[in-house]
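So the structure is just underneath, and the comments pick up after that.
Any read-out appearing in this document is the output of simple, stated calculations on the displayed coordinates, not a laboratory observation. Please read these numbers as outputs of a predicted model, since none were measured by experiment. Neighbour counts run over all protein chains shown; Cβ positions are idealised from the backbone, glycine included.
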Amino acid sequence: MKRRIIFFLIIFGTFVLQTVLGNLLPDNVATPNLLLILSVSMGFMRGKKSGMWTGLVSGLFVDLFFGNVFGLNALLLMYVGYLSGLMYKMFFDNDIRIPMVAVAASDFVYNILFFVVSFAIHHRLKIGAYLMGTIFPEVVSSVIFTIGFYWIYYWLNKKIVAGELEEEQSPWLRR
């Protein structure tokens, strides 16, 4: 239960930070998708289930406060977290290249699917303008922010895992 509360607070803190960062950055600078970085990181570090739940809760926050189609962000981020969790066995502590590539690919696919559902259904088919004006700048900014945020999430995950191991080894909690 303690771990779930900690993860909820991490997700909520990342959501607030993404919202504040979006308001602080100039209009011509793309806002990184910190919740996508979190979903990819948790899936990559903790596995499919954790990545999926992180993506689902992250997406629900976005849908509740900013979404046009309720559940779209939750569904897309849930799949991002799940698919990132498939790379769990490739997790190496000091290698940030794989998470950066995973964030870039996930952000690109996320935005393409978001475009298809949100805009293409309404016959707004200017994919070139959306690619150049939204998708590519967001992918670049997300990859740049992955460098810093991945290490923060790695450190938090390391602390959580250490706490879980300590609780398992405590003589007071053994059955």
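The lysines whose alpha-carbon is closer than 27 Å to the alpha-carbon of Lys2, local same-chain residues fewer than 8 away aside, are Lys48, Lys49, Lys89, Lys158, Lys159. For the chain, complete DSSP H runs whose alpha carbons reach 30 Å or more along their own long axis and whose mean Kyte-Doolittle score is 0.5 or higher are 2-24, 97-118. Projecting the alpha carbon convex hull of segment 1-52 along each direction and taking the average yields 3.8 nm². Stretching the chain fully between Phe12 and Ala105 yields a gain of 31.1 nm (0.36 nm per residue, less the alpha carbon separation).
Based on the Cβ-Cβ distance from Ile5 to Asp93, what FRET efficiency comes out when R0 is 22 Å, to the nearest 0.05?
Efficiency, from the Cβ-Cβ distance: 0.30.
Scaling against 2.2 N^0.38 Å puts the C-alpha radius of gyration of the chain at 1.08.
Rounded to two decimals, the Cα radius of gyration of segment 116-170 over 2.2 N^0.38 Å is 1.98.
For the chain, adding -39500 (n - 2.57) for each run of n ≥ 4 DSSP H residues and dividing by the number of residues yields -25000 deg cm²/dmol at 222 nm. Here each label is just a point 7 Å from Cα along the line to Cβ, and for Ile121 and Leu165 those points are 4.6 nm apart.
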